[in-house]
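Here the structure comes first, spelled out in structure tokens, and everything after it is commentary.
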Amino acid sequence: MAKSQRDVRNRISAVKNIEKIARALELVAAARLRRAEQRIEALRPYANAIRRMTRQAAEAAGRVPSLPILEEHESVSRVGLLLIAGDRGLAGAFNSNIVRAGVAAGREHAAAGHTPVYFASGRRPATSLTFRGLEPAESFTGFTDRPSFADARRIADRLMAAYVDNEVDQVEIFYNGYYSPVSQVVRRETLLPLQQATLLDEEEDDGDESSSEGESEPRALVEYEPDPEEILKRLVPDYVEISIYRALLESTASEHGARMTAMHNASDNARDLIKNLTLEMNRARQAEITQEILEVVAGAEGLSG
């Protein structure tokens, strides 16, 4: 019985250490989450403006300028799938949701006669794809905790080069859209070609309610200098870069939020386990004391008899 108490006591000590680690990770994730939220809030107006300008320039141009990045391929045979997740785990289903969505999309394209070509941002999606036998064409790692615009530009240059060189005929991105620390939604968006881009079809709510009420208000007549075609040539690379950068920031905030929630749940579970183990140890100690009392009473009765 003494050995059993010692084992329970050692287990309680181990669980307490795990609780401390989980609590520390929760606090770190909370601090990083706040900074990530600030970066998203600062970027969203600019990202929405780039999308709006690109769409308006395309409408004003009337026709797509003769530029490889703007030309829609005649047929779609290879589809590039960019999976954006994290370098580390301990974030619940954050990474696995992206991998599952990307693999499911790859199956859909394969069923339609298209060949999926995977790209991965983050060690977790890269290793998961490799484990499943879906070797990514290129992986981008080491920056998911705090991505920079240079990281987004590097990914954008690779994807645009793949599209221009006919390595892929369409590009889709998968990432966790951030809503709150406990709510992240997997987003699937078409990035290229520009004619099929879902990013240009949606106007995100940036706080001024321009997407819902703006249609009834008069719109300004824009005069382009130089012409819309030339402006569109300059805007498209920026549009691709800022779209990927925004996806990276959304994914980073989602990762910190998911990790904070997961570590909070882990801390709660550890506390519950400590309570149960303490109760178990107290019961074992009480049983040992009761047994000793019974032995003393039995010995006393034996001597008196």
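The values are calculated or read from the model by the stated rules, or taken from the named source; none is laboratory data. Just so you know, these numbers come straight off a predicted model, no measurement behind them. Backbone-built Cβ (ideal geometry, glycine too); neighbour counts: all protein chains shown. Areas reflect the complete protein model, heavy atoms only, side chains present, ligands, DNA and RNA absent. Shrake-Rupley method; radii C 1.70, N 1.55, O 1.52, S 1.80 Å.
Counting other Cβ atoms within 10 Å, keep those with at most 12, restrict to DSSP loop, and tell me which GluC sites (Glu not before Pro) in the stretch 118-202 are left. List each step's numbers first, then the result.
Working: sites: Glu138, Glu167, Glu172, Glu189, Glu202; in loops: Glu167, Glu202.
Loop-located and lightly packed - Glu202.
For the chain, what proportion of DSSP beta bridges, expressed in % and rounded to the nearest 5, is antiparallel?
About 40 percent, rounded to the nearest 5.
Give the longest segment of the chain that steers clear of trypsin sites (Lys or Arg not before Pro) in DSSP loops with at most 11 neighbouring Cβ atoms within 10 Å, not counting the sites themselves. All intermediate terms of the calculation are to be shown ahead of the outcome.
Details: sites that count: Arg63, Arg219.
Formally, the longest exposed-site-free interval is 64-218.
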**Request:** Could you tell me which of rounded, prolate or oblate describes the chain, using a ≥ b ≥ c as the square roots of the eigenvalues of the alpha-carbon gyration tensor, with rounded for a/c under 1.5 and, failing that, prolate when a/b is larger than b/c and oblate otherwise?
**Result:** prolate
**Request:** Name the residue farthest towards the positive end of the dipole of the stretch 7-75 from the options Ser13, Ala61, Ala29, assuming +1 on Cβ of Lys and Arg, -1 on Cβ of Asp and Glu, about the Cα centre.
**Result:** Ser13
**Fill in**
Normalised per residue, the volume inside the convex hull of the alpha-carbon atoms of the stretch 136-181 in Å³ amounts to 103 Å³
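Before I look further, what does the chain give for accessible area per residue, probe 1.4 Å, in whole square angstrom? Could the numbers behind the result be given before it?
Details: 16270 Å² over 305 residues.
About 53 Å² of surface per residue is accessible.
Assuming 0.36 nm per residue, please report the length gained on full extension of the stretch His73 to Lys275 beyond their Cα-Cα distance.
Length gained, His73 through Lys275: 66.4 nm.
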**Prompt:** If one computes P(r) from the Cα atoms of the stretch 87-128, what percent of pairs lie at distances over 12 Å?
**Reply:** 60 percent
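Note the full-extension length gain between Gln291 and Val28 as 0.36 nm times their separation in residues minus their Cα-Cα distance, in nm to one decimal. Don't skip to the answer; put the middle values down first.
On the way: separation 263, 0.36 × 263 = 94.68 nm, distance 4.82 nm.
The Gln291-Val28 span can extend by a further 89.9 nm.
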**Prompt:** Cα-based count: Lys pairs in the chain below 23 Å, eight or more positions apart or different chains?
**Reply:** 4
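Label the stretch 1-84 by shape, choosing from rounded, prolate and oblate, from the square roots a ≥ b ≥ c of the eigenvalues of the Cα gyration tensor; if a/c is under 1.5 it is rounded, and otherwise prolate applies when a/b is larger than b/c, oblate when it is not.
Details: a/c = 9.12, a/b = 2.74, b/c = 3.33.
The shape class here is oblate.
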**Item:** Percent carbon-and-sulfur accessible area, the chain, ignoring ligands, DNA and RNA, probe 1.4 Å
**Value:** 52 percent
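About the Cα centre of the stretch 140-185, what is the dipole size in debye to 20, counting +1 per Lys and Arg Cβ and -1 per Asp and Glu Cβ, all else neutral?
Values: 4 positive and 7 negative charges, 53 e Å.
Roughly 260 debye, rounded to the nearest 20.
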**Largest to smallest accessible area among Glu225, Glu280 [probe 1.4 Å]** = Glu225, Glu280
**Ratio of Rg to Rh over the stretch 260-305 (Cα coordinates, Kirkwood Rh, two decimals)** = 1.49
**Fill in**
Each label sits 7 Å from Cα toward the beta-carbon; between Ser96 and Ser304 the label points are separated, in nm, by 6.3 nm
